[in-house]
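Below: the structure, in structure tokens.
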Amino acid sequence: MSAAAKTDGPGQLAGRPLEEWNGAYSKVESYFHALRVLNKVLLGQLVALVLERAMQRSASEPLRSATELAVEEMDRLVNDWFAQVLQAPPAATEMLSTRGRMALLLADMPGRWQDQFLRPGPWPEEFVIAMRDGFLRAGPNFQLAQMTPRPLDLGPIATLTHWSTLPYVKMAVTWGAFGLLLVLIFYFTHQ
Amino acid sequence: MMASAPPITQTAAEPAPPLVVSPLPRVRLGWRVFLFYSSAVLLTGLVSMLFADLLWRTGWSLSGVALLCLFVALFFLIALGCMHGVFGFFLRLAYDRRLTNLRDYRAQTIRGVSTALVFPIHNEAVPRVCEGLRATYESLEKAGCLEGFDFYILSDSTDPDKWVEEERRWFELVHGLDALGRVYYRRRVNNEGKKSGNIRDFLSTWGPRYRYFVVFDADSVMRGETLVDLVKLMETHPQVGMVQTVPALVNAGSLFGRIQQFANRLYAPIFITGLNFWAQAFGNYWGHNAIIRTEPFMQHCDLPQLPGRKPFGGQILSHDFVEAALLLRANWEIWMAYDLEGSYEEAPQSMVENARRDRRWCQGNLQHFMVLWARGLRGLSRLHMALGILGYLASPLWLFFLLTFDWMLWYEGHTGLSKITVHAFTPFLSVSATEHAFLIFVICLAVLFLPKVLALVDLAFDKERRRAFGGLANAAGGAVAETAFSALHAPLQMLWHSKFVAATLLASGVQWGPPKRTADGIAWSEAVRQHWAHTVVGLIWGVAIWRLDQPTFWWFTPVMAGMVVSIPLSVFTSRASLGQQARQTGLFLTPEETSPPPELAALRARMAVLEEEGQTSPRAPDSGLADVVLDPYVNAIHVSLLREKRQNPAYARALLDLGAGQPRVRALCEKLLAEGPSELRREEKLLIMSDADQLPWLHRQAWLRPSATLARWWQSQIREYAR
């Protein structure tokens, strides 16, 4: 633990109640769970690493919660690590983060390289290649073309389609059907 | 034909493989059509004469004339069905396998030939789609022919949760198969043109890369060897634009599903052989499980919008028949490879789900009335479309027939006129009027059931098939039980189809959401909701006829019985437990059940595992949205796919039109974080999920922001990751 933590009184860590750090621990741990870091030893080490960095900021930023500080540190730590592993040029944090997470997935970090995650370099060459060369492709190169409908002469039936646009045509048809019904009733009852 | 200006304008990138096409002059096969349809006309004419004679014996009337006209139309339809069976039966006896045996295509090499297997989907059960694709992929891999095939999941899903699930499962599939760069996923930004628009979008984006493409349904599976055979067939016969396979219904669990599956497997061979007799190289397209030559399809099959308003105007709904007609119009041949095994699809598992599908098909088929008269179409295309239309019109015609008969019965009773019958017109037919009517009834039954009997005889001649159906006795028992069920089901189909036709003609929609199900089938409440009207109609109709004329009542019992028992019939036939029991007793066995092909066995095994793990159960609402925001990997996959999509000018434009990238999206994201997804409309969620810049931001904010500033829903979702 940090030097700051050692100077605390009972029930406190880095000047804050233990319960507050417990909440921060949970949130950081949840995110690493989401990244499928499932090995408990590694998970514990990573969370402790993040919390230590947060504790170092704790005294200078008393208005911010321990959880806020911890997740910020986690975000920074992860992105800095992505930038180093991927040798990424300066880019928007979100862009780098997306690329890094995709690289982790394609390199199968959760399955093969949990121990390398957030570890300072040098890393195994296979891991570095897998991280840097991984690229998700949802489709091959586009080969764009244009399909154009050929005219279809519908013949005389096309004329019928305009009938429905005539005003009151439905009403006229209904009245016609009613009239026909009357005629039929009259015919069958007057034979 | 090919010399006319090709409407394909290739705009970029890689050269397409060279195409060798040689269109043929128009082929005439009038004598086959004449012989086939004349047989049906002849039979209809003779029996109609007998019917007219019966009416004449009791005196002509206007309603009698109407009844005769309806009889002629209805009998012609069942005579057509009968002729398909009769022709098919004798052709199978003579080992007619003409088309696909023209040349020895199996020696044809397909090296260097590229084929795309496309799976257009729309809010489907994603695990089933992916496992079906996996089964096909592995089968092709086993056949050693994976090289020339690419797979595309073409999503048109509008449900945000489905969208995310599709991406997630696609990645898992690709990862599991090590098929990155062979199995692709694409979701359209909008759903213009529905399924045909989905295919068109695929062709416009990647079409020129492939000489052929095979269209799958969401529940299709195809054997690797069958796919290879299809490509070889196309390579050997350059005049063929499309080969449609005859998919076998498989994987049914419910009693209803197993009955349909059994009927399909037992009767389809003779029917399709009969169909193929008159259609030959002018076959039809059923929308899936077919291989299509890309270039002519792109040149000729882009569907026009029909003039006028819905239901007949606008977009062509049942696109398959029309695409086939357009391909035939351009002198390309369409074959039906009915002798190729290894093509499968699944069927609805209950009467209600079956009717739901019919509702869609009914509108699409009736719309073909507009295309039926289009200039330049081949006569056979018109026949295919007319048969499709009549398939649905038959129901209201039958209803009118029964109502007209009831009217005549009522009129007789109302007027109090006694029945004075005269001798039959045909002097040698010295029977009473009742016997005369019974004779016609028996002929109708014979025409209806003859194809089923012939299918059983056909089975009896084939030792291998006989064994595959669990033996002749089991198959015969199944056929009798299937016929009994059909007799009860047919009146319900009549009422349903009549309603669908009326709704279509009146341009009013029939609202029909997914039916409520229990673990074992349709829920009783759902059955009551769907069938109470059928029951009431059956009861009222039955009582009315009983009061009118009791002897006639017994003639009507088969029709009334189906309606009156519709609720329990619907519930019990939807039950998987009853389907299983029937299977254990050897009823409705099919070849795919007695000896499952490896691809289906693998599919079933995987689906069973997924079901056991609860992966096929519906997830909580907005679970996809939670995944795409909170899960670091799902978010990364989603954003990567969106970024890739922006490389295509058409997609980039569509995303802009949707509103992606506008400041409004950030405001929606803030609202989503602060108030939760329940406060957003589906369109707003889709907009957020379509913005490749906002989603990574949303991911960070959801994790970085203090819990107190997030909606409670987010807090509970984040807690899920703590477990």
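The values are calculated or read from the model by the stated rules, or taken from the named source; none is laboratory data. What you are looking at is a predicted structure, and each value in this text was computed from that prediction instead of being measured. Note that we place each Cβ from the backbone using ideal geometry, even for glycine, and neighbour counts take in every protein chain shown.
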Going by the structure shown, is A:ALA14 surrounded by 19 or more Cβ atoms within 10 Å (Cβ to Cβ), out of contact with any Lys or Arg (no Cβ under 7 Å at 6 or more places or on another chain) and under 17 Å from A:ARG101 (Cα atoms)?
-> no
Check the range A:73-92 and report whether any residue there is out of contact with any His (no Cβ under 8 Å at 6 or more places or on another chain), among the small types (Gly, Ala, Ser) and surrounded by fewer than 12 Cβ atoms within 10 Å (Cβ to Cβ).
-> yes
If you take just the helices (runs of 4 or more DSSP H) that sit entirely in the range B:553-610, which of them hold at least 1 residues that are at pLDDT 95 or above and more than 24 Å from B:ALA476 (Cα to Cα)?
-> B:566-573
Of all residues in the range A:157-191 being surrounded by 11 or more Cβ atoms within 10 Å (Cβ to Cβ) and modelled with pLDDT of 75 or more, the one that is farthest from the other protein chains (Cβ to nearest Cβ) | A:VAL173
Counting just the residues of the range A:97-127 that are in a loop (DSSP other than H, G, I, E, B) and either under 18 Å from B:VAL639 (Cα atoms) or of a type in the set (A, V, I, L, M, F, W, C) (or both), which one comes out farthest from the other protein chains (Cβ to nearest Cβ)?
-> A:TRP123
Flag for A:THR93 being of a type outside the set (Gly, Ala, Ser), modelled with pLDDT under 90 and under 30 Å from A:ALA14 (Cβ atoms) | yes
Picking from B:ALA455, B:ALA481, the residue that is touching a Pro at 6+ places or on another chain (Cβ under 9 Å) and either modelled with pLDDT of 95 or more or buried (at least 17 other Cβ atoms within 10 Å of the Cβ) (or both) would be B:ALA455
Within the range A:41-75, count every residue that is more than 14 Å from every other protein chain (Cβ to nearest Cβ) and among the charged types (D, E, K, R).
-> 3
All conditions in (1) free of Cβ contacts under 8 Å to residues at least 40 places away in the same chain; (2) within 20 Å of B:GLU345 (Cα to Cα); (3) in a strand (DSSP E or B) are true of B:ASN123 except (3)
Members of the range B:294-312 found to be modelled with pLDDT of 90 or more and either more than 18 Å from A:GLN146 (Cβ to Cβ) or within 22 Å of the chain's Cα centre (by Cα) (or both), listed by number = B:PHE297, B:CYS301
Scanning the range B:438-447 for residues that are at pLDDT 95 or above and either crowded, with 16+ Cβ neighbours inside 10 Å or in contact with a helix residue (DSSP H, G or I) (Cβ under 7 Å, 6 or more places away or on another chain) (or both), the one farthest from B:ARG583 (Cα to Cα) turns out to be B:ILE443
Would you check if there is a residue in the range B:239-246 being surrounded by fewer than 24 Cβ atoms within 10 Å (Cβ to Cβ), within 14 Å of chain A (Cβ to nearest Cβ) and in contact with a helix residue (DSSP H, G or I) (Cβ under 7 Å, 6 or more places away or on another chain)?
-> no
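What is the residue count in the range B:177-236 for residues that are of a type in the set (Val, Ile, Thr) and assigned to a loop (DSSP other than H, G, I, E, B)?
Number of matching residues: 1.
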Among the residues of the range B:688-723 satisfying the criterion of being exposed (fewer than 13 other Cβ atoms within 10 Å of the Cβ) and basic (Lys, Arg), which is farthest from the other protein chains (Cβ to nearest Cβ)?
-> B:ARG712
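Yes/no per residue for (1) modelled with pLDDT under 90; (2) outside the structural domain of B:PRO307 (by TED's automatic domain parsing); (3) not basic (Lys, Arg):
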{"residue": "B:GLU341", "(1), (2), (3)": "no, no, yes"}
{"residue": "B:GLN349", "(1), (2), (3)": "no, no, yes"}
{"residue": "B:ARG356", "(1), (2), (3)": "no, no, no"}
{"residue": "B:TRP361", "(1), (2), (3)": "no, no, yes"}
{"residue": "B:MET385", "(1), (2), (3)": "no, yes, yes"}
{"residue": "B:ILE389", "(1), (2), (3)": "no, yes, yes"}
{"residue": "B:ILE420", "(1), (2), (3)": "yes, yes, yes"}
{"residue": "B:VAL431", "(1), (2), (3)": "yes, yes, yes"}
Report yes if B:VAL564 is surrounded by fewer than 19 Cβ atoms within 10 Å (Cβ to Cβ), of a type in the set (A, V, I, L, M, F, W, C) and within 23 Å of B:ALA355 (Cα to Cα), otherwise no.
-> no
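Go over the candidates A:ALA59, A:ALA34, A:ALA14, A:ALA66 one by one and state the one that is within 26 Å of the chain's Cα centre (by Cα) and touching a residue at least 40 places away in the same chain (Cβ under 8 Å).
Of A:ALA59, A:ALA34, A:ALA14, A:ALA66, the one residue that is within 26 Å of the chain's Cα centre (by Cα) and touching a residue at least 40 places away in the same chain (Cβ under 8 Å) is A:ALA66.
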Just to be sure, is B:ASN264 more than 30 Å from B:ARG575 (Cα to Cα), surrounded by fewer than 24 Cβ atoms within 10 Å (Cβ to Cβ) and in the same structural domain as B:ILE334 (by TED's automatic domain parsing)?
-> no
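In the range B:105-126, which residues are within 22 Å of A:GLY139 (Cβ to Cβ) and buried (at least 18 other Cβ atoms within 10 Å of the Cβ)? Break it down stepwise before answering.
So in the range B:105-126, the residues within 22 Å of A:GLY139 (Cβ to Cβ) come out as B:112-124, B:126.
Answer for the range B:105-126, where residues must be within 22 Å of A:GLY139 (Cβ to Cβ) and buried (at least 18 other Cβ atoms within 10 Å of the Cβ): B:VAL113, B:SER114, B:THR115, B:ALA116, B:LEU117, B:VAL118, B:PHE119, B:PRO120, B:ILE121, B:GLU124, B:VAL126.
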Being farther than 27 Å from B:GLY132 by Cβ and surrounded by fewer than 17 Cβ atoms within 10 Å (Cβ to Cβ) narrows it down to one of B:LYS671, B:LYS685, so name that one.
-> B:LYS671
Mind listing whichever residues of the range A:115-156 are surrounded by 14 or more Cβ atoms within 10 Å (Cβ to Cβ), touching a residue at least 24 places away in the same chain (Cβ under 8 Å) and closer than 28 Å to B:ARG182 by Cβ?
-> A:VAL128, A:ALA130, A:MET131, A:ARG132, A:GLY134, A:LEU136
Filter the range B:536-553 for residues that are more than 36 Å from the chain's Cα centre (by Cα) and free of Cβ contacts under 8 Å to residues at least 12 places away in the same chain; which is surrounded by the most Cβ atoms within 10 Å (Cβ to Cβ)?
-> B:PHE553
List every residue pair whose Cβ atoms sit under 6 Å apart, with the two residues 6 or more apart in sequence or on different chains, where the first one lies in the range B:368-385 and is more than 7 Å from chain A (Cβ to nearest Cβ) and the second, anywhere, is modelled with pLDDT under 90.
-> B:ARG382/B:LEU372; B:MET385/B:LEU372
Identify the residue in the range A:128-151 that is outside any loop (DSSP other than H, G, I, E, B) and within 14 Å of another protein chain (Cβ to nearest Cβ) and, among all such residues, is farthest from B:ALA652 (Cα to Cα).
-> A:ALA130
Of the conditions (1) free of Cβ contacts under 8 Å to residues at least 40 places away in the same chain; (2) away from chain A (no Cβ under 14 Å), B:LEU578 clears all except one; give me its number.
-> (1)
Counting residues that are closer than 24 Å to A:LEU77 by Cβ and of a type outside the set (Lys, Arg), which helices (runs of 4 or more DSSP H) fully inside the range B:646-723 reach at least 3?
-> B:694-704, B:712-720
